[in-house]
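The values are calculated or read from the model by the stated rules, or taken from the named source; none is laboratory data. Quick caveat, the model's predicted, so the values are computed rather than measured. With ideal geometry, Cβ positions are generated from the backbone for all residues, glycine too; neighbour counts draw on all protein chains shown.
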Amino acid sequence: MAPAPILPMPGRRALTIALGALAARAALPAMAATTVTPGAGANPAAGYPAHPLTMIVPWPAGGATDLSMRVLAELVGHELGQPVVVENRAGAGGALVGALLAAAKPDGYTIGQLPVTVYRLPHQQKTTWQPLRDIQPVVMISGYTFGVVVPADSPFRSFGDLVAWGQAHPGALTVGSSGIGTTPHLAIEDVLGRNRVRYLHVPYRGIADQMLAVAGGALMAGVSATGFAPYVDSGRLRLLALFSEHRSPRWPDVPTMKELGYPDAVHNSPYGIGVPRGTDPRVVRRLHDAFARAMRHPRHLAELARYDQELTYLDTERYEAYLRGVWAREREFAQRLGLAAGKEPS
């Protein structure tokens with residue numbers, strides 16, 4: 001579970017300094033015109049970062065991913081010596097960040113969280129950007145545990161109950177996800193489709209509102225990343241099944257879809273950080289090192305643990321290779337589900 005890209009504008013303080021510098025230069029004697037401007041011709045990464053960074057989080061504020069990314073942004077800011085300001089730009093199932101990074105200046109000051117949907121959307125609809133061409137991966141951070149939840153008082157005691165009811169009441173089952181084309185949406189579409197269950201899909205822009213809708217009974221079921229964890233642990237939701245490879249130690253009695261007879265229904269959507277392609281490799285390395293240290297901080301690890309997440313670190317080279325594989329697998333998945341669009345951008 002797009003507006004035109006809006007690039008971050010320089011802050012008032014930075015603009016004032018820049019205008020002041022221009023005025024001072026104009027007032028210098030003519031002989032000073034031959035003086036080399038500090039930094040001109042020098043290594044552009046030498047003074048990086050010189051001002052705050054913007055980190056695009058492609059989900060609404062207040063959701064599990066937003067909260068964990070805000071903790072990480074604060075820690076990375078300490079590592080870099082400059083604030084990392086989170087900008088929520090929800091849309092296209094998290095893929096809006098792809099367009100924004102593709103349009104941003106490759107100077108290391110615009111970074112973004114990369115969900116798998118960035119490598120999925122161009123296979124499903126035409127886009128002006130292509131992630132392998134336009135986005136430079138920096139570091140992989142973590143992945144999600146996806147699952148199917150129902151209200152605590154639901155008559156569905158198992159995923160089999162939900163399927164049986166859906167088969168007996170075509171089109172009546174309401175299932176929410178975190179957005180059209182997101183991993184939870186396609187995962188539930190896949191398994192319900194195999195059982196010939198017609199259902200009503202209700203997309204949300206994020207996890208928080210969807211979980212409230214399920215807990216309150218507005219939806220019969222929801223499929224989501226582990227933003228559902230606090231609701232399950234507090235008894236407001238019942239977890240029926242997980243899309244993980246193995247059962248979760250947190251909910252050892254909950255089966256996986258693999259155990260329920262769907263061996264290829266394993267999804268965890270690892271995510272990381274990316275920047276516009278063309279960013280100086282030394283800047284990419286600086287960002288990688290800052291994130292690699294910050295992501296291991298106890299505060300960040302504790303925040304991930306709230307949602308049954310663990311680190312899935314890959315460095316820049318291995319993360320890029322991984323995403324090339326994701327790109328190929330998402331093409332095959334779109335074709336299998338009949339979602340493939342026309343010619344993709346090269």
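Looking at ILE180, ILE188, just one residue is over 30 Å from TYR48 (Cβ atoms), touching a strand residue (DSSP E or B) at 6+ places or on another chain (Cβ under 6 Å) and in a helix (DSSP H, G or I), and that residue is ILE188. When GLY222, GLY179 are screened for being surrounded by 21 or more Cβ atoms within 10 Å (Cβ to Cβ) and either assigned by TED's automatic domain parsing to the domain that holds LEU121 or farther than 18 Å from VAL116 by Cβ (or both), only GLY222 passes.
When residues in segment 102-134 are screened for being within 17 Å of LEU53 (Cβ to Cβ) and outside any strand (DSSP E or B), 7 of them pass.
Based on this model, can you work out whether PHE291 counts as over 26 Å from ASN195 (Cβ atoms) and touching a strand residue (DSSP E or B) at 6+ places or on another chain (Cβ under 8 Å)? Yes. Among residues of segment 268-311 being among the aliphatic types (A, V, I, L, M) and at pLDDT below 95, the one that is nearest to LEU323 (Cα to Cα) is LEU311. Checked against (1) among the aliphatic types (A, V, I, L, M); (2) under 28 Å from TYR231 (Cα atoms); (3) more than 17 Å from the chain's Cα centre (by Cα), LEU311 passes all but condition (3).
Report yes if some residue within segment 199-221 is touching a Leu at 6+ places or on another chain (Cβ under 9 Å) and of a type in the set (Lys, Arg); otherwise report no. No, because not a single residue in segment 199-221 is touching a Leu at 6+ places or on another chain (Cβ under 9 Å) and of a type in the set (Lys, Arg). Residues of segment 271-328 that are assigned to a helix (DSSP H, G or I), under 20 Å from LYS105 (Cβ atoms), of a type in the set (Gly, Ala, Ser) and out of contact with any helix residue (DSSP H, G or I) (no Cβ under 7 Å at 6 or more places or on another chain): none at all. Scan segment 316-331 and report the pairs whose first residue is of a type in the set (Ser, Thr, Tyr) and whose second residue is modelled with pLDDT under 95, with Cβ atoms within less than 8 Å and a gap of 6+ or a chain change. Cβ pairs passing all conditions: TYR322/PRO270. Of the residues ALA95, ALA99, ALA73, ALA64, the single one that is in contact with a Phe, Trp or Tyr (Cβ under 6 Å, 6 or more places away or on another chain), crowded, with 20+ Cβ neighbours inside 10 Å and within 14 Å of GLY274 (Cα to Cα) is ALA99.
Among the numbered criteria (1) touching a helix residue (DSSP H, G or I) at 6+ places or on another chain (Cβ under 8 Å); (2) at positive phi, which single criterion is violated by GLY91? Single failed check for GLY91: (1).
Checking PRO155, PRO137 one by one, the residue that is modelled with pLDDT of 95 or more, within 29 Å of TYR307 (Cα to Cα) and in a loop (DSSP other than H, G, I, E, B) is PRO155 and no other. Scanning segment 192-204 for residues that are at pLDDT below 95 and buried (at least 19 other Cβ atoms within 10 Å of the Cβ) yields a single hit, TYR204.
Determine whether segment 86-94 contains at least one residue that is in a loop (DSSP other than H, G, I, E, B) and not hydrophobic (A, V, I, L, M, F, W, C). Yes: one or more hits.
Determine if segment 229-246 includes at least one residue that is among the hydroxyl-bearing types (Ser, Thr, Tyr) and at pLDDT below 90. No, segment 229-246 has no match at all.
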